[in-house]
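K.L.:
Got a structure here, written out as structure tokens. Questions coming.
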Amino acid sequence: MMRKMASQSLLVLGAIFIITAALPLFFNYPYRDGPQSGPSNVWELVQMFAHDSWASLLIMGLLLSIASRFVFRP
């Protein structure tokens, strides 16, 4: 029971990382010009984070997905 729940948790977390890494494929970088040039809401912050670190998010997501399959094998 606990192994299955841990395995599914790793799989869900890996899927979240992979989806976040794929955001730059669908959305442009939220660019603002002016004195308040930072993100204006959480969605823009997530987009900026995804654009800056998509490769590491993809690697972590894939590793977590693989770990969910092989580490908690019954």
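The values are calculated or read from the model by the stated rules, or taken from the named source; none is laboratory data. For clarity, every value in this text was computed on a predicted model and none was experimentally measured. Ideal geometry is used to build each Cβ from the backbone, glycine not excepted, and the neighbour counts take in all protein chains shown.
K.L.:
Would a scan of region 64-71 turn up a residue that is modelled with pLDDT under 90, assigned to a loop (DSSP other than H, G, I, E, B) and either among the acidic types (Asp, Glu) or surrounded by fewer than 16 Cβ atoms within 10 Å (Cβ to Cβ) (or both)?
P.N.:
The answer is yes; a qualifying residue exists.
K.L.:
Would you check which residues across region 38-49 are surrounded by 13 or more Cβ atoms within 10 Å (Cβ to Cβ) and in a loop (DSSP other than H, G, I, E, B) and list them? Spell out the reasoning first.
P.N.:
Going residue by residue through region 38-49, those that are surrounded by 13 or more Cβ atoms within 10 Å (Cβ to Cβ) are 39, 44-49.
Matches in region 38-49: Pro39 only.
K.L.:
Please pick out the residue among Pro35, Pro30 that is assigned to a loop (DSSP other than H, G, I, E, B) and buried (at least 16 other Cβ atoms within 10 Å of the Cβ).
P.N.:
The match here is Pro30.
K.L.:
Something else about it: Quick check: is even one residue across region 50-61 in a helix (DSSP H, G or I), in contact with a helix residue (DSSP H, G or I) (Cβ under 7 Å, 6 or more places away or on another chain) and hydroxyl-bearing (Ser, Thr, Tyr)? Don't jump to the end; show me each part of the working.
P.N.:
To start, the set of residues in region 50-61 that are in a helix (DSSP H, G or I) comprises 50-52, 54-61.
After this cut, where a residue has to be in contact with a helix residue (DSSP H, G or I) (Cβ under 7 Å, 6 or more places away or on another chain) as well, the list is 50-51, 54, 57-58, 60-61.
So of that shortlist, the ones also hydroxyl-bearing (Ser, Thr, Tyr) come out as none.
No, region 50-61 contains no residue that is in a helix (DSSP H, G or I), in contact with a helix residue (DSSP H, G or I) (Cβ under 7 Å, 6 or more places away or on another chain) and hydroxyl-bearing (Ser, Thr, Tyr).
K.L.:
Ok, one more. Within region 1-23, which residues are surrounded by fewer than 14 Cβ atoms within 10 Å (Cβ to Cβ) and either of a type in the set (Ser, Thr, Tyr) or in contact with a strand residue (DSSP E or B) (Cβ under 8 Å, 6 or more places away or on another chain) (or both)?
P.N.:
Ser9
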